[in-house]
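Novice: One structure, pasted below without further comment.
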Amino acid sequence: MQGIQTTREAIQSELQYLLAWSSHAEMPVQIPVLNRNGELVSRIVIEGEEVHCSVLKWLFGDMMSKSDFANRETVSALGKRMAALHQFSRIFKDGSSFIRPEYGIAWVHTMLTKLRSGEAMGVITAEEFHLLEHAISLVISRMKGWSTRFETWGFIHADIHYSNLIRTSRGISFIDFGLSGFGYYAMDVALGALFTASELRDELLSGYTSISSGIIDITQLEDLMFLNISDYYAFLVSRTEKHMWIREHIPSLIQLCKALLEGHTVFYHMNQVGIRI
């Protein structure tokens, strides 16, 4: 993994958040462990390369799976847990040295650049990239009107999926904050919706709004779901062993682009690779 999140300052910031959250959360939290020097981040050298690392206390429980999110109670509980995380983020005070990635328009432009490289490699056709670019440009234009006030923008997990959710004796808990950073709270909700059964997505939203008041903007959720799907394809572009997978699944993403450009409501029809076709 590369990016700002791998720097010492960013890892330190991630761990500071976890420490602060652990003293407030009702759910279990992976608590950072200090090294022998009383520091959260350790520096080691592997084959001449400096690596920054940390140790977290083990969280006892079971990794969750797709079948768990075909259950109404589990889906509602996830919505409530995300809302509790975001409620803490709204009161969390980060200092000037707190550094984490941001998931705003600059992030989207970086994603588009990666997808453009996929066209140059031949893994994405010119026609497919043209549709992707138009759909992403539409979302960027809408993002310019989204509020970044503390109610809607703050510290988010940014990587919610099965393997980062643990079923513990005290309910669902989150692990792996490696991609966490600043973004729209709706982004976490969008990620949760992507792997929730379509017929239960309203249950996820109801669970969320039962803890965090406010109106859910379905169009914004659709846009963020689309961006996260597109970002996964962009991530895979640099991995040649995944090019066959991209070719196999990209028709679903292109159909999603067309649906968004035509103004269709797609919230209940999207999956983790695009739209059901």
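Readers should treat all values here as calculations from the given coordinates under stated rules, not as data from a laboratory. Predicted model only: the values in this text are computed from it and were never measured. Note: ideal-geometry Cβ built from the backbone for every residue, glycine included; neighbour counts use all protein chains shown.
Novice: Let me check against my output: what whole-number percent is the relative contact order of the chain, with C-alpha pairs under 8 Å and at least 6 apart?
Specialist: 23 percent
Novice: Further, regarding this structure: With a Förster radius of 45 Å, plug the Cβ-Cβ distance of residue 19 and residue 141 into 1/(1 + (r/R0)^6) and report the FRET value to the nearest 0.05.
Specialist: After rounding, the FRET efficiency stands at 0.70.
Novice: Within segment 171-242, list the trypsin sites (Lys or Arg not before Pro) lying in a DSSP loop whose Cβ has at most 13 other Cβ atoms in a 10 Å radius. Display every interim value, and only then the final one.
Specialist: Numbers: sites: 201, 239, 242; in loops: 239.
Those that pass, being in a loop and sparsely packed, are 239.
Novice: Find the lysine pairs in the chain meeting two conditions, Cα atoms under 29 Å apart and a separation of 8 or more places or different chains, and report how many there are.
Specialist: The number of close lysine pairs in the chain is 15.
Novice: Shifting gears a bit: For segment 1-99, treating each Cα as an identical point scatterer without solvent, what Debye log10 I(q)/I(0) comes out at q = 0.13, 0.15 1/Å?
Specialist: -0.62, -0.79
Novice: In Å, what Kirkwood hydrodynamic radius results for segment 62-275 from the alpha-carbon pair distances?
Specialist: 17.8 Å
Novice: Same structure, new question: Pairs of alpha-carbon atoms within less than 8 angstrom and 6+ residues apart define the contacts here; what relative contact order does segment 123-183 have, in percent? It would help to have the intermediate numbers written out before the result.
Specialist: Details: 39 pairs, mean separation 18.8, N = 61.
It comes to 31 percent, rounded to a whole number.
Novice: While we're on this one: Between 228, 164, 37, which gets the highest mean-square fluctuation from a Gaussian network model of the chain, Cα cutoff 10 Å?
Specialist: Judging by the Gaussian network model, the answer is 37.
Novice: Something else about it: For each of 53, 257, count neighbouring Cβ atoms within 10 Å of the residue's Cβ, then give the residues from fewest to most.
Specialist: Ascending Cβ contact count within 10 Å gives the list 53, 257.
Novice: Moving on to the next point. Kirkwood-based Rg over Rh for segment 75-169 (C-alpha set), two decimals?
Specialist: 1.06
Novice: Quick check: the angle from helix 105-121's long axis to the longest principal axis of the chain, C-alpha only, nearest 10 degrees?
Specialist: 60 degrees
Novice: For an R0 of 35 angstrom, estimate the FRET efficiency from the Cβ-Cβ distance between residue 70 and residue 239 and round to the nearest 0.05. Numbers along the way, then the final one.
Specialist: Working: r = 30 Å, r/R0 = 0.86.
FRET efficiency, residue 70 to residue 239: 0.70.
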